[in-house]
Amino acid sequence: MNIIQLFNDEKAVSPVIGVILMVAITVILAAVIGAFVLNLGQGLQQTAPQASFGFDYNSATNVTITHESGDSIDTAQLSTSGLAADSVEWDGHNGLTGTVSAGTSAEFNNTADWSGETVRVVWESTDGSSSATLSRSTAPTIN
């Protein structure tokens, strides 16, 4: 047996390496296409914050909403819906700017007596692609 010929003979190695490379390319290609099809990379930065809000109906037309616990949230991303004036943005409302954190309160006027409306605190992502209701409360019925 010629030892030099044994080390120089690469006929059997070439097809095996080719098959392994083809399988690896197929797996990587399937992973990339699957990520695009299933939209797995989208929305990682767009998750809704976790926060709890308290509602205090302190008159026939006013409600004070207080951030009780959870993540700090930029005022530009918060609004309150369910009021007679439709949706009210938190940013600039009653001088409120920056971030809303535990203990921050905002007072909203319904402009009419409460009659069982559902008042919601709504978060919207910075690019507007997603939103979530963070808290909701049913207003009392005032006769």
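Descriptive notes on the structure:
- Residue within segment 76-88 that is within 28 Å of the chain's Cα centre (by Cα), within 30 Å of residue 134 (Cβ to Cβ), at pLDDT 90 or above and charged (D, E, K, R) present: no
- Which numbered condition residue 52 fails, given (1) in contact (Cβ under 8 Å) with a residue 60 or more places away in the chain; (2) out of contact with any Ser or Thr (no Cβ under 7 Å at 6 or more places or on another chain); (3) hydroxyl-bearing (Ser, Thr, Tyr): (2)
- Figure legend. Inter-residue proximity from segment 74-99: first residues over 9 Å from residue 122 (Cβ atoms) and of a type in the set (Asp, Glu), second residues surrounded by 14 or more Cβ atoms within 10 Å (Cβ to Cβ) and modelled with pLDDT of 85 or more, beta-carbon distance below 6 Å, spacing 6+ or different chains. Indicated pairs: 74/99; 89/79; 91/75; 91/76.
- Inside segment 109-129, residues that are surrounded by 13 or more Cβ atoms within 10 Å (Cβ to Cβ) and within 17 Å of residue 74 (Cβ to Cβ) make up a count of 5.
- Pairs, first touching a residue at least 24 places away in the same chain (Cβ under 8 Å) in segment 100-114, second in a loop (DSSP other than H, G, I, E, B) and aromatic (Phe, Trp, Tyr), C-beta under 8 Å, six or more apart: 100/90; 106/90; 114/57
- Selection count where residues are at positive phi and in a strand (DSSP E or B), scope segment 87-118: 0
- Search result, residues across segment 1-50 that are closer than 22 Å to residue 127 by Cα and either modelled with pLDDT of 75 or more or in contact with a strand residue (DSSP E or B) (Cβ under 7 Å, 6 or more places away or on another chain) (or both): 35, 36, 37, 38, 47, 48, 49, 50
The values are calculated or read from the model by the stated rules, or taken from the named source; none is laboratory data. Values in this document were obtained by computation on a predicted structure and should not be read as measured data. Ideal geometry is used to build each Cβ from the backbone, glycine not excepted, and the neighbour counts take in all protein chains shown.
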